[in-house]
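Report on one structure; see the data block that follows.
What follows draws every value from the coordinates through simple rules; no lab data is involved. Bear in mind that the values here come from a model prediction, so they are computed numbers and not experimental data. No Cβ is skipped: glycine too gets one built from the backbone with ideal geometry, and neighbour counts run over all protein chains shown.
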């Protein structure tokens with residue numbers, strides 16, 4: 001059995017050792033669908049993105065005409081029937097995410113609110129990642145949403161798309177994730193979000209479907225390693241890779257449009273119990289609308 005990198009915070013070492021003990025050794029070349037950027041030992045935020053770009057010899061794209069977390073929804077490989085029913089508003093949001101403003105509210109289950117507070121104290125505030133407010137927010141809070149593309153200067157192709165989201169009023173980073181698509185071993189195309197953590201990452205892979213009213217449904221409810229779901233990845237003290245599939249933790253996101261107004265409902269569950277719920281109101285930003 002491997003051992004986590006020793007020179008780090010004790011709580012980080014313990015959680016990484018759990019992944020090593022409960023997970024499996026992997027070779028990154030054989031798991032390209034799962035591999036994504038790993039974090040450093042310090043905070044994860046915009047500074048990390050700049051350092052990561054320098055380390056990978058990539059260029060930060062500042063003036064892209066279109067910045068979406070999915071370059072083309074056609075790449076989801078939905079059936080022709082599903083693609084024809086999928087809301088055009090939802091398609092435009094995913095393909096040009098930077099042109100939209102987001103407001104959100106948060107509702108915690110009382111059963112899990114204490115664990116959310118503990119997670120923030122031990123990890124999230126320090127590393128500036130997965131920093132979900134522990135107080136339920138009933139009134140919509142504005143989110144500063146920024147899309148940052150990292151481009152390979154040799155090919156001019158986007159290699160990574162970071163979606164950085166922070167609370168507008170406080171600047172507190174909620175999520176800093178790399179978004180894109182992946183093909184599971186089954187051949188299924190899924191939406192993939194990678195959240196860098198110290199010496200590793202948390203990766204959520206979500207299976208896409210289209211609802212009866214044209215809504216996009218993204219669901220991470222897989223049953224076994226290789227399915228859509230929630231994964232922890234890390235490198236141990238010998239630079240060996242480990243991955244743990246966490247079946248009990250699930251994420252379901254529904255993005256819909258009604259009368260031109262886009263909304264999203266995201267529910268996180270653990271052991272089939274609701275942990276918390278996000279509700280988003282999404283609209284094109286005024287600068288975008290004025291220039292279009």
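Nearest 10 degrees, 0 to 90: what angle lies between the long axis of helix 46-55 and the longest principal axis of the chain (Cα atoms)? Approximately 70 degrees, to the nearest 10. Remark: region 133-247 is approximated by an ellipsoid whose semi-axes, taken from the C-alpha gyration tensor as √(5λ), come to 24, 21, 18 Å, largest first. Please build a GNM for the chain, connecting alpha carbons under 10 Å apart, and tell me which residue among 53, 202, 264 fluctuates the most. Evaluated over the chain, the most mobile residue of the options is 53. In the elastic network of the chain, a GNM with C-alpha springs shorter than 10 Å, the most mobile of 208, 185, 198 is 185.
Between the Cα long axis of helix 10-22 and the first principal axis of the chain there is an angle of about 90°, rounded to the nearest 10. So if R0 is 25 Å, what FRET efficiency would residue 114 and residue 144 give, r being the distance between their Cβ atoms, rounded to the nearest 0.05? Once rounded, the FRET efficiency stands at 0.30.
The relative contact order of the chain, computed from alpha carbon pairs under 8 Å that lie at least 6 residues apart in sequence, is 22 percent.
Stretching the chain fully between residue 74 and residue 170 yields a gain of 30.9 nm (0.36 nm per residue, less the alpha carbon separation). Can you grab the distance from the C-alpha centre of region 1-43 to the C-alpha centre of region 90-110, Å, no decimals? About 30 Å separates the Cα centre of region 1-43 from the one of region 90-110.
Spatially, region 205-225 and region 230-254 are offset by 19 Å when compared through their Cα centroids. Percent of C-alpha pairs per 10 Å bin in the chain, short distances first: 6, 27, 38, 24, 5, 0.
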